[in-house]
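The values are calculated or read from the model by the stated rules, or taken from the named source; none is laboratory data. Since this is a predicted model, take the numbers as computed values, not measurements. Note: ideal-geometry Cβ built from the backbone for every residue, glycine included; neighbour counts use all protein chains shown.
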Amino acid sequence: MRPEDVREHVVKNPFEPFRIFMSDGAVFDVTHHDSCLITRSAVYVVIPDPKNKWMVDRLAHCALIHITRIEPLNGHTARNGHASPKRRRTK
């Protein structure tokens, strides 16, 4: 993925939270435009401290080459903070 592709999501007005999917299966939610830093080769996502949401716990390093897709967060998340998997209809 290119830095410009990520930037499109960050600068969207009004901002819409989004999820970054990595090639190893990891996902990172960007819930505010200030919680994402873009460089030429990577994106750094702020992971907030679970007890103090205003404090940074760590930065997740997401190499652009390993970002497989970006999807908007639509508010339908599971209890663990990850999107609920879509279920296929069975006949």
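Among residues of the range 17-36 being closer than 22 Å to W54 by Cβ and of a type in the set (D, E), the one that is surrounded by the fewest Cβ atoms within 10 Å (Cβ to Cβ) is D34.
What's the total number of residues in the range 30-46 that are part of a loop (DSSP other than H, G, I, E, B) and within 15 Å of E8 (Cα to Cα)?
So in the range 30-46, the residues part of a loop (DSSP other than H, G, I, E, B) come out as 31-32, 39-41.
Keeping just the survivors that are within 15 Å of E8 (Cα to Cα) gives 31-32, 39-40.
Number satisfying all stated conditions: 4.
The C-beta contact set for the range 30-59 (first residue touching a residue at least 24 places away in the same chain (Cβ under 8 Å), second residue surrounded by 11 or more Cβ atoms within 10 Å (Cβ to Cβ) and among the polar types (S, T, N, Q), distance under 9 angstrom, 6+ apart or interchain) comprises V45/S35.
Pick from I47, I20: which is of a type in the set (A, V, I, L, M) and farther than 12 Å from I70 by Cα?
Details: I20 fails: farther than 12 Å from I70 by Cα.
Unique residue meeting the criteria: I47.
Looking across the range 56-91, the residues that are touching a Lys or Arg at 6+ places or on another chain (Cβ under 8 Å) and at pLDDT 50 or above come down to L64, I70, E71, P72, L73.
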